[in-house]
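The structure under discussion appears below in the form of structure tokens.
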Amino acid sequence: MSVREVWQLTRELLEATALPWPAEEREARLVQVDELLRRREEWLRELRPPYSEEEQRLGREVVAWNREIEARLRQVRDEIGSDLRITEAKRQANARYVHPYEQPLSFDGMFYDKRR
């Protein structure tokens, strides 16, 4: 019964996407989630109606779990984006510190003497 396999893989995916995702575990968990999604996609292609009552019940559970999985993955994506923005800001601040005269001077809010 392939619906049962899809249900089982979706359950594993739900567990794999459990929050929080520490930064040091992120890469390994992304690989695991990717593998589970790939395997589940293969099983989804095999699904053929008609479905029994139990298969329909499992299908409804899978749909509910999918919403939760998508929300969790969106949150992880947002965390990764935030980390990237912070890293880029740190990199730029470090570059300005190391090479302070490469950036044009900003005269906002300070007195500028034209005669200089």
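The values are calculated or read from the model by the stated rules, or taken from the named source; none is laboratory data. Because the structure is predicted, anything quoted here is derived from the model rather than measured. Here the Cβ positions follow ideal geometry from the backbone for every residue, glycine too, while neighbour counts run over all protein chains shown. Ligands, DNA and RNA are stripped out before the accessible areas are found, and what is left, the full protein with its side chains, is counted by its heavy atoms. Shrake-Rupley method; radii C 1.70, N 1.55, O 1.52, S 1.80 Å.
With all protein chains present, how much of the accessible area of the chain (probe radius 1.4 Å) comes from carbon and sulfur, to the nearest whole percent?
Carbon and sulfur together cover 53 percent of it.
Rounding to the nearest 20 debye, state how big the charge dipole of the chain is about its Cα centre with +1 on each Lys and Arg Cβ and -1 on each Asp and Glu Cβ.
In debye, rounded to 20, the chain gives about 700.
Send over a whole-number figure in Å² for the accessible area per residue of segment 1-72, probe 1.4 Å.
Accessible surface, normalised per residue, equals 66 Å².
Rounded to whole Å, give me the distance from the Cα center of segment 1-39 to that of segment 53-80.
11 Å
Past the 21 angstrom mark, what percentage of all C-alpha to C-alpha distances in the chain do you count? Don't skip to the end; give the middle numbers.
Details: 3845 of 6670 pairs.
Tail fraction, whole percent: 58.
If segment 1-53 were replaced by its equivalent ellipsoid, with semi-axes equal to the square roots of 5 times the Cα gyration tensor eigenvalues, what would those be, largest first, whole Å?
Taking √(5λ) for each Cα gyration eigenvalue gives 27, 11, 5 Å.
Under 16 Å from a point placed 7 Å out from the Cα of LEU47 along the Cα-to-Cβ direction: which residues of segment 1-20 have their backbone N that close?
So the set is 1-14.
Starting from segment 34-90, pick out the chymotrypsin sites (Phe, Trp or Tyr not before Pro) whose DSSP state is loop and whose Cβ has at most 16 other Cβ atoms within 10 Å.
Counting only loop positions with at most 16 other Cβ atoms within 10 Å, the chymotrypsin sites (Phe, Trp or Tyr not before Pro) in segment 34-90 are TYR51.
Using only DSSP helix segments of four residues or longer, with each worth -39500 (n - 2.57), what per-residue ellipticity at 222 nm results for the chain after dividing by its residue count and rounding to 500?
It lands at -25500 deg cm²/dmol.
Quote the convex hull volume per residue of segment 54-101, based on C-alpha atoms, as a whole number of Å³.
41 Å³
How much net charge surrounds VAL98 when only the other residues with a Cβ under 14 Å from the Cβ of VAL98 are counted, with Lys and Arg +1 and Asp and Glu -1?
Overall, the nearby charge balance is +2.
Rank ASN66, LEU84, LEU47 by how far each Cα sits towards the positive end of the charge dipole of the chain (+1 on Lys, Arg Cβ; -1 on Asp, Glu Cβ) and give me just the farthest.
LEU84
Which GluC sites (Glu not before Pro) in segment 1-93 sit in a loop by DSSP (not H, G, I, E or B) and have at most 15 other Cβ atoms within 10 Å of their own Cβ? Please report the intermediate quantities before stating the final value.
On the way: sites: GLU5, GLU12, GLU15, GLU24, GLU25, GLU27, GLU35, GLU41, GLU42, GLU46, GLU53, GLU54, GLU55, GLU61, GLU68, GLU70, GLU79, GLU88; in loops: GLU24, GLU25.
Filter output for segment 1-93: GLU24, GLU25.
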